[in-house]
1. Given the criteria in contact (Cβ under 8 Å) with a residue 40 or more places away in the chain, in a loop (DSSP other than H, G, I, E, B) and not aliphatic (A, V, I, L, M), does ASP249 qualify?
2. Exactly one condition in (1) touching a Ser or Thr at 6+ places or on another chain (Cβ under 6 Å); (2) over 26 Å from ALA250 (Cα atoms) is false for TYR33; which is it?
3. Could you check ASN65 against (1) under 30 Å from TRP402 (Cβ atoms); (2) surrounded by fewer than 19 Cβ atoms within 10 Å (Cβ to Cβ); (3) among the polar types (S, T, N, Q) and say which number it fails?
4. Do we have any residue at all in the range 299-310 that's in a strand (DSSP E or B), of a type outside the set (S, T, N, Q) and within 16 Å of the ligand (Cβ to nearest atom)?
5. Quick check, is ALA312 among the aliphatic types (A, V, I, L, M), within 23 Å of ALA64 (Cα to Cα) and surrounded by fewer than 20 Cβ atoms within 10 Å (Cβ to Cβ)?
6. So for the range 244-258 (the condition being modelled with pLDDT under 95 and of a type in the set (Ser, Thr, Tyr)), does at least one residue qualify?
7. Would you please list the contacts, defined by Cβ atoms under 7 Å and residues six or more apart or on different chains, that run from a residue in the range 190-206 that is touching a residue at least 60 places away in the same chain (Cβ under 8 Å) and within 19 Å of PHE174 (Cβ to Cβ) to a residue that is of a type in the set (Ser, Thr, Tyr) and within 16 Å of the ligand (Cβ to nearest atom)?
8. Can you tell me how many residues in the range 350-389 are under 21 Å from PRO301 (Cβ atoms) and in a loop (DSSP other than H, G, I, E, B)?
Amino acid sequence: MTVADGFSYRDHELHCGSVRVVDIIRETGTPLYLYNLDAVLARFEQHRAAFASFSHRTSYAVKANSTLPLLQALTNAGCGFDVNSRGELHRALKAGADARRITMTGVGKSRADIEDGLAAGISLFNVESASECRLISEIAEAQGMVADILLRLNPDVETETHPYISTGEAAHKFGLSPSDIRSLASQASWLPGLRIAGLAFHLGSQILSPAPYAQGLRVLLKVLDDITPMLDRAPDIIDIGGGFGVRYDAHHGELLPGQVAAVLANVLGPREETWTLITEPGRSLVANAGVLVASVEHVKPSEDRNFLILDAGMNDLLRPALYQASHSIIPLRESDADMQLYDIVGPVCESSDTFAVRYGLPSLERGDLVALLSAGAYGSSMSSNYNSRPLAAEAVVYEGRWHLARERQSLDDLQRGERLLPL
Ligand SMILES: *Cc1c(COP(=O)(O)O)cnc(C)c1O
């Protein structure tokens with residue numbers, strides 16, 4: 001029985017592809033992030049196929065999950081990357097990415113971010129302020145280069161997602177208003193180190209309807225028409241960002257890339273041919289192809305609750321504490337033990353370190369293993385050392401075999417670079 005992208009029960013044991021998860025755990029211990037890269041690649045192919053009628057490039061949003069073997073597998077499949085910092089750029093290059101398929105976004109790019117991007121030869125900077133335009137132009141000019149940029153439009157479109165992950169409304173810090181973009185384009189000749197190659201937007205994350213993309217694209221085309229006469233060379237790139245919603249549990253739908261492609265084609269009509277379209281999927285490629293495996297540390301019945309205390313906590317998987325996100329939780333071994341209602345929590349000293357409340361699972365004991373599903377996106381990439389807890393180990397299954405992607409941090413790793421007082 002399939003439980004997630006690339007995960008299923010066979011003979012009552014959870015498998016990742018054809019590998020029994022408990023066999024990996026025996027080598028790595030818990031907590032462990034485990035990704036099925038074959039399933040990620042299938043999602044990537046689905047995404048690419050959906051936009052095949054466009055001149056199209058996929059820029060996977062590295063922040064969703066920057067595990068090196070994942071970036072390597074996507075590189076080999078022909079995927080490009082959207083990076084948010086020089087740290088992510090460095091990771092993408094380490095994984096073998098072609099810099100000409102890398103775009104750099106972010107509302108607060110530093111001089112070092114921009115210098116590294118130019119030195120690597122990335123294809124585009126997505127720019128979010130006039131100040132950033134001036135800085136990129138200055139750095140590029142000093143190096144005798146011209147940087148291609150997209151201006152990030154804030155289309156002021158509402159999305160029905162969690163307020164923390166919505167980004168395309170006027171009140172948000174992201175992007176430029178249509179009038180800001182017109183004014184920047186009119187000054188473009190004053191910025192000799194850059195060329196405006198097109199416009200971009202990113203509406204937010206976990207969007208479940210294609211309508212906001214159509215709305216955003218209409219605003220974007222209008223602004224493009226306004227600025228094109230002001231520029232030496234007609235802009236030819238449209239970037240619609242990411243945000244494609246995934247199915248976190250049976251109660252929710254998902255947004256398929258084909259639905260978005262259909263509304264875009266509809267808005268563009270015959271103009272489709274004119275543009276190179278960039279999409280920046282993050283979550284939709286990786287969320288359901290990853291799990292966080294944890295051990296039951298203690299079972300603690302109290303007056304009206306039964307706590308299941310795991311060895312994974314909010315420092316490993318922050319989404320429930322940060323966004324009230326819920327993840328399905330399943331035992332590694334299917335059993336027909338009596339069902340119990342558990343409050344499933346981590347070991348961290350915060351009440352928000354709670355994964356689920358009154359959650360039904362077959363009766364479990366100390367040492368039993370569970371998997372938190374849909375943990376492939378914004379899981380390990382958001383993890384921290386809070387409570388001086390080492391970062392979890394990570395492993396992948398690729399072409400049917402499993403590989404360690406990251407060792408569990410040691411206690412010495414936790415103090416790396418620190419100094420005692422000279423007493
Ligand atoms: C976060 C982000 C993405 C990816 O968003 P998902 O919801 O993971 O698809 C794409 N583009 C930009 C600019 C982002 O900030």
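The values are calculated or read from the model by the stated rules, or taken from the named source; none is laboratory data. The shown structure was predicted, so the numbers you read here are calculated from the model rather than taken from an experiment. Every residue, glycine as well, gets a Cβ built from its backbone with ideal geometry; the counts of neighbours run over all protein chains shown.
1. On the way: in contact (Cβ under 8 Å) with a residue 40 or more places away in the chain: yes; in a loop (DSSP other than H, G, I, E, B): yes; not aliphatic (A, V, I, L, M): yes.
Here the answer is yes, as ASP249 does meet what is asked.
2. The single condition TYR33 does not satisfy is (2).
3. (2)
4. So the first thing to find is which residues in the range 299-310 are in a strand (DSSP E or B), and the list is 299-301, 306-310.
Going one step further and asking which of them are of a type outside the set (S, T, N, Q), we end up with 299-301, 307-310.
Keeping just the survivors that are within 16 Å of the ligand (Cβ to nearest atom) gives none.
For the range 299-310, residues in a strand (DSSP E or B), of a type outside the set (S, T, N, Q) and within 16 Å of the ligand (Cβ to nearest atom): absent.
5. Numbers: among the aliphatic types (A, V, I, L, M): yes; within 23 Å of ALA64 (Cα to Cα): yes; surrounded by fewer than 20 Cβ atoms within 10 Å (Cβ to Cβ): no.
So ALA312 does not fit the description; no.
6. yes
7. HIS202/THR167; SER205/THR161; GLN206/THR161
8. Step one: filter the range 350-389 for residues under 21 Å from PRO301 (Cβ atoms), giving 351, 353-370.
Then drop every residue that is not in a loop (DSSP other than H, G, I, E, B), which leaves 351, 353, 363-368.
Result for the range 350-389: 8.
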